[in-house]
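Structure first, commentary second.
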Amino acid sequence: MIGGGIKAFIGAIHRHAALMDNHIELVCGCFSSNPSISKESGKLCHLQDNRVYGTYQEMIEKEAQLPENERMDFVSIVTPNSVHFEPAMLALENGFHVVIDKPITFTLEEAIKLKDKVEETGLILALTHTYTGYPAVKHAKQMVTNGELGKIRKVYVEYPQGWLASDVENQGNIQASWRTDPKRSGKAGCMGDIGTHAHHLAEYITGLKVTEVCAELSIFVPNRQLDDDGAALLRFDNGATGVLMASQVAAGEENALKIRVYGEKGGLEWLQHDPNSLIVKWIDKPLQVLRVGTSMNSSVAIHNSRTPGGHPEGYIEAFANIYRNFALTVMAKMDGKEPTPEMLDFPGVEDGVRGMQFIETMVKAGYDDTTKWVKFPNSPF
């Protein structure tokens, strides 16, 4: 692991998720840019002293020199956005697979370079767009793929939060301080942090690609440097349209992610606040509420479910599904076997490039009052 030290929130989440299925073992880490914090964090993870490193460069180079049965197989990068590209590229160059938190890089240009390196090396890169790990979301995608809703016409996706409703970045909140700093976060604040989740969820479930956006970005908290709120009209490559909203100043909201997808025959609705339920609405039939573990019986939902019906499949389990499917794919490759479609169902480098295209397009459209519709940059894949 790179990043995720004792004061970091997301590092512990990654570790819990990665270790849940006993396919993955934490063997080494550089947990902080401060070597003493890295060492202290490594002790808490019960790592050997010689496998806790002061810099990620030292870790990757020394791990590459170890015998194949001792060195790490992949690296998980859980740092601020500005420290995604260089360790990921160094890991790939030294023959290591990569898991990386979203957004994949600091800039679109870096994302394209990573994609080229993944293709050159044949290594595997997973991107932790957590919400696509929920069994109900995967079942929704399967329903759309099977044509059960007919041709998709309309998509509404929203992600309101309230934790940045005041200037907490100036009150000692570490998570807020880097997310609102353009030198560490990148061009976008709210849209880079949670807007990319909403965009990815819409494309994942529908299988469609956003081609154009008409957007507005706002900064509500005085002296904040990056957007904390925004909305966009969407155009998809099949002619469907949509609306995307993301806000981190929606006071009182937690993580109220919600998506609705409508086709010619019916629609579906999923909310992260009730992740085990998928609401399906039909033109000519009664409304259905499908439940994980009971009435949700697609192979992909079953593959990504852990508990009997009636037990909630939560955020860490969704995270764990990404790690498990990634690990199963890596192990299949190691054994010279072909991964199954269920194993390959995790976000990859292409999703990372799409996310950076979304950020670039939203920033271009969102602050330009003279611009109505802005096309996505040409896709490199």
Out of (1) over 23 Å from Met296 (Cβ atoms); (2) touching an Asp or Glu at 6+ places or on another chain (Cβ under 6 Å); (3) surrounded by 21 or more Cβ atoms within 10 Å (Cβ to Cβ), the odd one out for Ala176 is which?
(3)
Would you check if Pro275 is within 26 Å of Phe346 (Cα to Cα), out of contact with any strand residue (DSSP E or B) (no Cβ under 7 Å at 6 or more places or on another chain) and surrounded by fewer than 16 Cβ atoms within 10 Å (Cβ to Cβ)?
no
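In contact (Cβ under 8 Å) with a residue 12 or more places away in the chain and more than 18 Å from Ile359 (Cα to Cα), is that true of Lys141?
Working: in contact (Cβ under 8 Å) with a residue 12 or more places away in the chain: yes; more than 18 Å from Ile359 (Cα to Cα): yes.
So Lys141 passes the test.
Just checking, which of Ile104, Ile6 is at pLDDT below 95 and assigned to a loop (DSSP other than H, G, I, E, B)?
On the way: Ile104 fails: at pLDDT below 95.
Residue meeting the stated conditions: Ile6.
Residue-by-condition table, conditions (1) in the same structural domain as Phe9 (by TED's automatic domain parsing); (2) within 28 Å of Val99 (Cα to Cα); (3) charged (D, E, K, R); (4) in contact with a Gly (Cβ under 7 Å, 6 or more places away or on another chain):
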{"site": "Leu164", "(1), (2), (3), (4)": "no, yes, no, no"}
{"site": "Arg184", "(1), (2), (3), (4)": "no, yes, yes, no"}
{"site": "Gly192", "(1), (2), (3), (4)": "no, yes, no, yes"}
{"site": "Gly195", "(1), (2), (3), (4)": "no, yes, no, yes"}
{"site": "Ala198", "(1), (2), (3), (4)": "no, yes, no, no"}
{"site": "Val210", "(1), (2), (3), (4)": "no, yes, no, no"}
{"site": "Val213", "(1), (2), (3), (4)": "no, no, no, no"}
{"site": "Asn223", "(1), (2), (3), (4)": "no, no, no, no"}
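Keeping to the range 305-336, report how many residues are assigned to a loop (DSSP other than H, G, I, E, B), among the acidic types (Asp, Glu) and surrounded by 15 or more Cβ atoms within 10 Å (Cβ to Cβ).
Residues of the range 305-336 assigned to a loop (DSSP other than H, G, I, E, B): 305-314, 335-336.
Checking the rest, the ones that are also among the acidic types (Asp, Glu) come to 313, 335.
Imposing the further condition that a residue be surrounded by 15 or more Cβ atoms within 10 Å (Cβ to Cβ) reduces the set to 313.
Number satisfying all stated conditions: 1.
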How many residues does the range 75-106 contain that are surrounded by fewer than 23 Cβ atoms within 10 Å (Cβ to Cβ), touching a residue at least 40 places away in the same chain (Cβ under 8 Å) and of a type in the set (A, V, I, L, M)?
1
Looking at (1) assigned to a loop (DSSP other than H, G, I, E, B); (2) within 27 Å of Ala246 (Cβ to Cβ), find the lone condition where Met343 falls short.
(2)
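The values are calculated or read from the model by the stated rules, or taken from the named source; none is laboratory data. Computed from a predicted structure; not experimentally measured. FYI the Cβ positions are ideal-geometry reconstructions off the backbone, even for glycines, and counts take in every protein chain you see.
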